[in-house]
1. What number of residues within the stretch 53-95 are touching a Lys or Arg at 6+ places or on another chain (Cβ under 6 Å) and either among the charged types (D, E, K, R) or buried (at least 23 other Cβ atoms within 10 Å of the Cβ) (or both)?
2. How many residues does the stretch 130-152 contain that are at pLDDT below 95, closer than 29 Å to TYR79 by Cβ and assigned to a loop (DSSP other than H, G, I, E, B)?
3. Name the single residue, out of those in the stretch 128-149 being out of contact with any Gly (no Cβ under 8 Å at 6 or more places or on another chain) and within 12 Å of PHE183 (Cα to Cα), that is most open to solvent (accessible area, probe 1.4 Å).
4. Suppose we filter the stretch 1-41 for residues that are polar (S, T, N, Q) and farther than 23 Å from ILE225 by Cα; how many remain?
5. Out of SER196, SER221, which single residue is hydroxyl-bearing (Ser, Thr, Tyr), assigned to a loop (DSSP other than H, G, I, E, B) and open to solvent by 50 Å² or more (accessible area, probe 1.4 Å)?
6. Restricting the search to the stretch 167-192, which residues are open to solvent by 30 Å² or more (accessible area, probe 1.4 Å) and within 28 Å of LEU15 (Cα to Cα)?
7. Which one of VAL36, VAL50 is closer than 22 Å to ASN203 by Cβ and open to solvent by 10 Å² or more (accessible area, probe 1.4 Å)?
8. For the stretch 87-129, which residues satisfy the criterion of being assigned to a helix (DSSP H, G or I) and of a type in the set (A, V, I, L, M)?
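The values are calculated or read from the model by the stated rules, or taken from the named source; none is laboratory data. Note that the structure is a prediction, hence the values are computed from the model and not measured. Cβ coordinates were reconstructed from backbone atoms using ideal geometry, including for glycine residues, and neighbour counts include every protein chain displayed. Note: areas computed on protein heavy atoms with side chains; ligands, DNA, RNA excluded. Shrake-Rupley method; radii C 1.70, N 1.55, O 1.52, S 1.80 Å.
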Amino acid sequence: MIGVFDSGIGGLTLLKELVKTLPKEDFLYYADTENVPYSYKTREQILEFVENAVIFLRNEGCKAIVLACNTATNVSIEYLREKYDFPIIAIQPAVKVAFDNNEPDKRILACATPVTLSADRFENLINSLDINHIVDRLPLPGLVEFAENEIFEDEKVLEYLKTEFSKFDLNHYKYIVLGCTHFTYYEDFIKQNFPSLTPVDGNEGTARHLKNTLETLGLLSVEGIGNMRFVESGNYVKDESRFLRYLGR
């Protein structure tokens with residue numbers, strides 16, 4: 001069984017990709033709904049929330065854990081990997097995908113939570129690609145709150161994005177990096193309302209990385225049936241309809 005952690009429902013967009021890539025694996029999805037959003041929490045609080053979830057998933061028998069939350073990744077991944085001896089896979093903003101497919105005269109707009117955009121890990125990623133000069137950062141914490149309240153195509157969302165995007169001349173950009181799994185819910189909405197932007201996220205790359213890691217370690221399931229269970233802040237969910245709805249089930 002594979003554990004998938006997110007601060008809320010955002011990671012379900014990644015779980016959907018994981019299930020498609022690894023149909024024989026069982027998944028246990030942990031949403032820390034009691035503490036979402038993480039955008040306004042301290043690093044110490046986030047680390048405590050994430051480690052509590054990791055311990056829970058480990059105790060439930062997970063052979064590997066995926067951090068589907070970019071904010072959680074930036075705060076905790078090095079600490080967790082040093083402390084625990086099982087695979088911990090971490091999502092990261094798909095700035096490399098944007099860069100590899102970008103046009104010579106276009107900039108890249110990286111959107112995430114304030115914690116992610118100010119983290120050393122994100123800065124190191126940008127510097128490793130030597131693209132700091134063409135990447136602009138835009139925190140969009142409001143999208144997390146909209147998603148958790150199931151507000152996806154409302155005028156309030158459009159006005160929020162118009163206000164935030166007005167800080168930039170969108171004609172100078174091709175790719176917008178959705179550096180938070182909650183943001184993936186707004187991919188089509190952004191395409192429809194801001195057609196000059198092409199959204200990209202890290203879900204597909206993370207799913208491939210997990211599969212490769214399991215294969216390398218000899219942990220890949222070949223006979224499973226793809227069971228899924230859901231947990232909210234340490235308690236198993238009795239009515240799974242909300243989670244299954246987001247997964248198209």
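1. Taking the stretch 53-95 first, the residues touching a Lys or Arg at 6+ places or on another chain (Cβ under 6 Å) are 74-75, 88.
When the remaining residues are screened for being either among the charged types (D, E, K, R) or buried (at least 23 other Cβ atoms within 10 Å of the Cβ) (or both), the result is 74-75.
The qualifying residues number 2.
2. Within the stretch 130-152, residues that are at pLDDT below 95, closer than 29 Å to TYR79 by Cβ and assigned to a loop (DSSP other than H, G, I, E, B) number 3.
3. Among them, the one singled out is GLU145.
4. Total meeting the criteria: 4.
5. The match here is SER196.
6. Result: LYS174, TYR185, GLU187, ASP188, LYS191, GLN192.
7. VAL36
8. Passing the criteria: VAL95, VAL97, ALA98, VAL115, LEU117, LEU125, ILE126.
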